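Take a look at the structure below.
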Amino acid sequence: MSGSGKTSLLRRCLQSEGFADTAVLINEFGAIGLDHELVETSEEDTVVLKGGCICCTIREDLASTIRHLADLRRTGNIKPFSRLVIETSGLADPVPVLVTLKADPRITQLFEFKGTIVTVDGISGDRTMHNHIESVRQVIYANRAVLTKCDLSTKSDITHLRNRISELNDSIDVMVSDQQGIAPNVLFNDLSDNLSATFDLT
């Protein structure tokens with residue numbers, strides 16, 4: 001969701017050793033505030049961090065960008081990676097993205113889809129879902145939700161938000177992020193695409 005702390009969570013992941021074997025597709029580098037001291041090499045739309053993580057901007061068609069990154073890995077132009085994370089806009093409709101990742105043969109032959117994570121603002125998440133249908137759809141089609149800014153919310157507000165999320169998606173796994181965020185190995189550990197919601201893949 002927009003303004004939910006997704007950028008901060010991703011930045012912490014990029015700085016973690018546990019993310020070293022990961023490639024990340026993001027809307028634009030500026031959005032995550034990369035510290036230039038962390039950047040090892042930069043060439044066109046791909047940045048390699050000193051920790052080993054590979055970042056690539058999403059250019060036009062998502063499927064083409066993913067295949068480009070896979071080609072770079074295959075030809076040895078970037079180091080091998082075992083995980084690909086895609087960061088989308090906070091108010092993006094998740095369905096077109098999921099259709100590409102789960103049903104496009106150009107992608108499914110290269111990668112195994114593991115799941116979707118949505119960040120929900122612990123302060124304004126309920127209001128955001130009330131005002132923006134895209135945020136509701138993000139929760140409905142997610143496998144895991146991370147509640148952010150919970151240190152600034154009351155326990156009753158967090159409980160209410162948990163209940164609201166569960167009403168929309170009864171199979172979702174909900175995590176609470178503190179000021180230190182969530183370690184990448186915890187964030188992605190046991191992520192499973194056990195989505196109860198369905199959508200037309202045609």
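The values are calculated or read from the model by the stated rules, or taken from the named source; none is laboratory data. Computed from a prediction, not measured in an experiment: that's the story for all the values here. Cβ: placed from backbone, ideal geometry, glycine included. Neighbour counts: every protein chain shown. Just the protein is used for accessible areas: all its heavy atoms, side chains included, with ligands, DNA and RNA removed. Shrake-Rupley method; radii C 1.70, N 1.55, O 1.52, S 1.80 Å.
With the other protein chains left in place, how much accessible area per residue, in square angstrom, belongs to the stretch 68-135 at a 1.4 angstrom probe?
Working: 3640 Å² over 68 residues.
For the stretch 68-135, the per-residue accessible area is 53 Å².
With r as the distance between the Cβ atoms of THR75 and ASP178 and R0 = 30 Å, compute the FRET efficiency 1/(1 + (r/R0)^6) and round to 0.05. Present the calculation step by step, with values, prior to reporting the outcome.
On the way: r = 41 Å, r/R0 = 1.37.
According to the calculation, E is roughly 0.15.
Within the accessible area of the stretch 99-202, what % is carbon and sulfur when the probe is 1.4 Å and the other protein chains stay in place?
Details: 2720 of 5790 Å².
C and S atoms contribute 47 percent here.
In debye, nearest 20: dipole of the stretch 47-163 around its Cα centre with unit charges on the Cβ of K, R (+) and D, E (-)?
Numbers: 16 positive and 12 negative charges, 99 e Å.
It comes to approximately 480 debye.
Under the 0.36 nm per residue contour assumption, what length would be gained going from the current alpha-carbon distance of ASP21 and GLU112 to full extension?
Length gained, ASP21 through GLU112: 31.2 nm.
Sum up the charges of everything whose Cβ sits under 13 Å from the Cβ of HIS132, counting Lys and Arg as +1 and Asp and Glu as -1, but leave HIS132 out.
Net charge in that neighbourhood comes out at -2.
Give the value in nm², to one decimal: projected area of the alpha carbon convex hull of the stretch 57-202, averaged over all directions.
Computed as one quarter of the Cα hull surface, the answer is 9.6 nm².
Please identify which residues in the stretch 103-133 have an amide N closer than 17 Å to a label point set 7 Å out from the Cα of SER166, following the Cα→Cβ vector.
Only 126 fall inside the zone, counting backbone N under 17 Å.
Roughly what would the spin-label model give for THR154 and HIS132, points 7 Å off Cα along C-beta, in nm?
2.5
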